[in-house]
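To keep things clear, I will list the structure first and then write my remarks on it.
The values are calculated or read from the model by the stated rules, or taken from the named source; none is laboratory data. Computed from a predicted structure; not experimentally measured. Cβ sites come from the backbone with ideal geometry, for glycine too, and all protein chains shown count toward neighbours.
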Amino acid sequence: MFEWDKFSDQPYPIRDKKAKKEIYKRTIFDSLKMLGVNILLFPLILVRFLVALLERKEPETKNFFAMGVSLDCDLHLIKELGVKDILVRIPLSDIENLSCYKTFLDSLKEYNVLVNILQDRRHIEDLELAKESIENIFKTLDVKEYQIGNAINRKKWAIFTMDEYMSFYKVVQDIRDARFKDIKLIGSSVIDFEYHFSVRTLFNFYKIHYDMFSTLLYVDRRGSPENLQMGLDLIKKIKLLYAMVSLSPKSSNKIIITETNWPISNTAPYAPTSEKECVSLDNYALYMVKYYLLALSTGMIKRVYWHQLVAPGYGLIDNRQGVKKYPAFEAYQTMVRLLKDAKLVEFDFKNEIKYMKFKKNETIEVYWSKNIALKKQECDKIIDIYGKKFKSGNFMYVVKNNL
């Protein structure tokens, strides 16, 4: 029932209609509990959200730019990209090959590694087995951060209810508390703008706590991250999530986005969606950089992990015939080179031309709009989104020496 799509690196939708119907019948009570919790808390969350809209927190760029990688990823590509924070998936369905993951993770000693433990149905149904496998992972790997579960609100990912997830998380937390106290646990890993699931995992009677709160905040079906869904753009979605997390006793206020991307046009069957949602390579790069900048401006997100480095249908590199870097690779590389460790000093998103200003050993101004034609002094270095000399387009960096 849980077939894996090797092209888009995710489970196929459940195809057995009879089984699917039975699952939904079994989960009615959990859905009613989730509805009740959301109705009860909605007024409080709304008030906190309105306050969050006025808040501006100081963003940190040192660990903000992060990347998901797979076991077959060449280390020199990670180094070339310039990131230091890496996410690696370990599926519980592949626990028998844990030694292979250990070998790969041991090669990443110079990076900050987050391991995402992917659930499967046998470990959700058999919590004793889950306990055994989790203990084995913690004991075997020299890693201190683990995201527990992934896309938990999608039944094809083998979790049917939020109660199942929280029971599973509780098993992991108990193991950590008993024997591995220096490990940080991250949850609850809801995918897309479906915060009613996040609310259920933040407000409950389970004795659980998230050291950081994770979300897989995709906005790809809306096109640009500035586009609206239910009246909210990316910034407002982040502030709404922060409002929820800051009210919850179950989590710290640290939020990380552990997965997001856009599907790339003409890459089927590797694209994870239909061609309708796919974007061109140039738009992919533009949306990616804007996503990072908008999320950074809130100061409410600690890291954004792009999913992922090597993936023909949605990554920065096409590996179908050798290694072919998409334009977004250079865009990401340029963004990290210029903005990592830089301090955001001001920004303005109200006008047609969006503006951000960063400082480190030099001043970096960022502009984007439908079309940019700005006159700058000759001493300014003006480059495009890919790090090349700016000629025309809708995005540019202006680099100035600090006098």
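Out of all the residues in the range 321-332, is one or more touching a residue at least 12 places away in the same chain (Cβ under 8 Å), hydroxyl-bearing (Ser, Thr, Tyr) and out of contact with any Leu (no Cβ under 9 Å at 6 or more places or on another chain)?
Among the residues of the range 321-332, not one is touching a residue at least 12 places away in the same chain (Cβ under 8 Å), hydroxyl-bearing (Ser, Thr, Tyr) and out of contact with any Leu (no Cβ under 9 Å at 6 or more places or on another chain), which makes the answer no.
Can you find, within the range 166-200, the residue that is surrounded by the most Cβ atoms within 10 Å (Cβ to Cβ) among those that are in a helix (DSSP H, G or I) and under 19 Å from the mean Cα position of the chain (by Cα)?
Ser198
Looking at the range 230-274, which of its residues are over 19 Å from Glu194 (Cα atoms) and at pLDDT below 95?
Across the range 230-274, the qualifying residue is only Ser274.
I need the full set of residues from the range 278-293 which are farther than 15 Å from Ile317 by Cα, surrounded by fewer than 21 Cβ atoms within 10 Å (Cβ to Cβ) and more than 17 Å from the chain's Cα centre (by Cα), in order please.
If the condition is that a residue be farther than 15 Å from Ile317 by Cα, surrounded by fewer than 21 Cβ atoms within 10 Å (Cβ to Cβ) and more than 17 Å from the chain's Cα centre (by Cα), then Val279, Asn283 are the ones that fit.
What's the number of the condition Ala158 fails, among (1) among the hydrophobic types (A, V, I, L, M, F, W, C); (2) surrounded by fewer than 22 Cβ atoms within 10 Å (Cβ to Cβ); (3) more than 29 Å from Phe64 (Cβ to Cβ)?
Unmet condition: (2).
If a residue must be in a loop (DSSP other than H, G, I, E, B) and either crowded, with 16+ Cβ neighbours inside 10 Å or among the polar types (S, T, N, Q) (or both), how many such residues does the range 312-349 contain?
The number of residues fulfilling the criteria is 10.
Take Leu241 and tell me if it is of a type in the set (A, V, I, L, M, F, W, C) and over 24 Å from Asn63 (Cα atoms). Walk me through it before giving the result.
Details: of a type in the set (A, V, I, L, M, F, W, C): yes; over 24 Å from Asn63 (Cα atoms): no.
Judged against the criteria, Leu241 is not a match.
Where the second residue is of a type outside the set (Lys, Arg) and surrounded by fewer than 17 Cβ atoms within 10 Å (Cβ to Cβ) and the first is within 13 Å of Ile148 (Cβ to Cβ) and lies in the range 203-221, which pairs have Cβ atoms under 7 Å and are six or more apart or on separate chains?
Tyr210/Ser252; Asp211/Ser252; Met212/Ser252
Does Asn261 fit the bill of being farther than 18 Å from Asp9 by Cβ, of a type in the set (S, T, N, Q) and not in a helix (DSSP H, G or I)?
no
How many residues are of a type in the set (Gly, Ala, Ser) and either in contact (Cβ under 8 Å) with a residue 40 or more places away in the chain or in contact with a Pro (Cβ under 6 Å, 6 or more places away or on another chain) (or both) when one looks only at the range 383-403?
Looking only at that region, the number is 1.
With the requirement that a residue be touching a strand residue (DSSP E or B) at 6+ places or on another chain (Cβ under 7 Å) and under 18 Å from Gln10 (Cα atoms), what does the range 83-114 give you?
If the condition is that a residue be touching a strand residue (DSSP E or B) at 6+ places or on another chain (Cβ under 7 Å) and under 18 Å from Gln10 (Cα atoms), then Leu87, Val88, Arg89, Ile90, Pro91, Leu92 are the ones that fit.
Please go through the range 233-277 and give me each residue that is among the acidic types (Asp, Glu), out of contact with any Lys or Arg (no Cβ under 9 Å at 6 or more places or on another chain) and surrounded by fewer than 17 Cβ atoms within 10 Å (Cβ to Cβ), ordered by number.
Glu275
Evaluate the range 25-42: report whether one residue or more is within 20 Å of the chain's Cα centre (by Cα) and surrounded by 11 or more Cβ atoms within 10 Å (Cβ to Cβ). Steps first, please.
Residues of the range 25-42 within 20 Å of the chain's Cα centre (by Cα): none.
Looking through the range 25-42, none of the residues is within 20 Å of the chain's Cα centre (by Cα) and surrounded by 11 or more Cβ atoms within 10 Å (Cβ to Cβ).
Within the range 350-390, restricting attention to residues that are surrounded by fewer than 13 Cβ atoms within 10 Å (Cβ to Cβ), at pLDDT 85 or above and charged (D, E, K, R), which residue is nearest to Ile235 (Cα to Cα)?
Lys350
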